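The structure appears below as structure tokens.
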């Protein structure tokens, strides 16, 4: 870095002056970094859009001068992107070199090797960048099983899979709504009311119990027999957990023998017991000092993961209950791709050890909804009365 004679801080004998200098430098470095990041984001977005545009151009149009013009622009943007990327590395190296003169002097006094320390910082920065990208991918990734996995794992039959999927797609609130996650949705899946459909409810209950049975069997192999609490969130999860509790004794003895069931309110009751967790007394009377208990969370729909994260933290802090898995009917993974990385709660460290499973992803259900909407529009546009008049007027 600097020898003692070259150290620019040697002239700063006044501590206040040194602190002011450091503050000014840090503000400038932050502004430069922010501007550089903004340029990189804009260039990355422009390059992606232009590449998509070039891919969509037909072979005939590729012979035109306009295509060559677009290619030139793409090359210029890529070149500028590389330049900004180099600037990003230079800014980081500058922060490593000049972030703290006091720290440098302490290192030198104690005999530390600065170049070695700087190399460690580079390694740490690269690891942090990779972790950040990985977390963003985790946050967007769907936790739903594929149809093949559902059938191969005997979670349900092919007919049952289709029935539930079609029923979910036909039971929507077709207006813009604000979900519990805070997102504005074009439509709302009324999955909780599907749980009161006498044709669908038994199928979803069997599917949930089948997955619960798999979780118990897998954990028994690793840890031996243990008691698991199945917790349903308000309101769809509460219906799911009550249906499982009522059915398990006759269809899934493994779940019946090794599970207790509970219902989690969004907020504590203001009257009566003033509880938030409803279950047997041995569950509701638990405290943070109680022996650790493992649980599986049930809910009808997962979106950003905000609701799951809130309840996982609450169960741990108030009852010492550790959620090891979560089961959903539908995972709206598309919701997580259109929000900032900080809002993707599925990537939170608190959910790293929670094994999430959903029976369906929103995308195939969305395709059915689009098809149904298109058919409805065609039917509405078909003027049956005027067609009837034309048939009556026909000489045939």
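The values are calculated or read from the model by the stated rules, or taken from the named source; none is laboratory data. Note that this is a predicted model, so its numbers are computed, not measured. Ideal geometry is used to build each Cβ from the backbone, glycine not excepted, and the neighbour counts take in all protein chains shown.
At a glance:
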| item | result |
| --- | --- |
| Region 312-347: number of residues that are crowded, with 19+ Cβ neighbours inside 10 Å and over 20 Å from residue 291 (Cβ atoms) | 14 |
| Qualifying helices (runs of 4 or more DSSP H) (wholly inside region 141-224; at least 2 residues being over 25 Å from the mean Cα position of the chain (by Cα) and surrounded by 14 or more Cβ atoms within 10 Å (Cβ to Cβ)) | 158-170, 201-223 |
| Odd one out for residue 313 among (1) over 30 Å from residue 198 (Cα atoms); (2) not in a helix (DSSP H, G or I) | (2) |
| Verdict on residue 256 being touching a helix residue (DSSP H, G or I) at 6+ places or on another chain (Cβ under 8 Å), at negative phi and without any contact (Cβ under 8 Å) to a residue 24 or more places away in the chain | yes |
| Residue, modelled with the highest pLDDT, within region 346-396, restricted to residues that are under 24 Å from residue 311 (Cβ atoms) and assigned to a loop (DSSP other than H, G, I, E, B) | 354 |
| Residue ID - modelled with the lowest pLDDT, chosen from residues in region 50-65 that are surrounded by 11 or more Cβ atoms within 10 Å (Cβ to Cβ) and part of a helix (DSSP H, G or I) | 62 |
| Odd one out for residue 129 among (1) touching a helix residue (DSSP H, G or I) at 6+ places or on another chain (Cβ under 6 Å); (2) part of a helix (DSSP H, G or I) | (1) |
| Every residue from region 250-265 that is surrounded by fewer than 16 Cβ atoms within 10 Å (Cβ to Cβ) and within 30 Å of the chain's Cα centre (by Cα) | 265 |
| Counted residues, region 268-307 - those being part of a helix (DSSP H, G or I) and touching a strand residue (DSSP E or B) at 6+ places or on another chain (Cβ under 6 Å) | 2 |
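Conditions (1) surrounded by 15 or more Cβ atoms within 10 Å (Cβ to Cβ); (2) within 27 Å of the chain's Cα centre (by Cα); (3) modelled with pLDDT of 95 or more, marked per residue:
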position: 230; (1), (2), (3): yes, yes, yes
position: 235; (1), (2), (3): yes, yes, no
position: 267; (1), (2), (3): no, yes, no
position: 270; (1), (2), (3): no, no, no
position: 295; (1), (2), (3): yes, yes, yes
position: 298; (1), (2), (3): yes, yes, yes
position: 303; (1), (2), (3): yes, yes, no
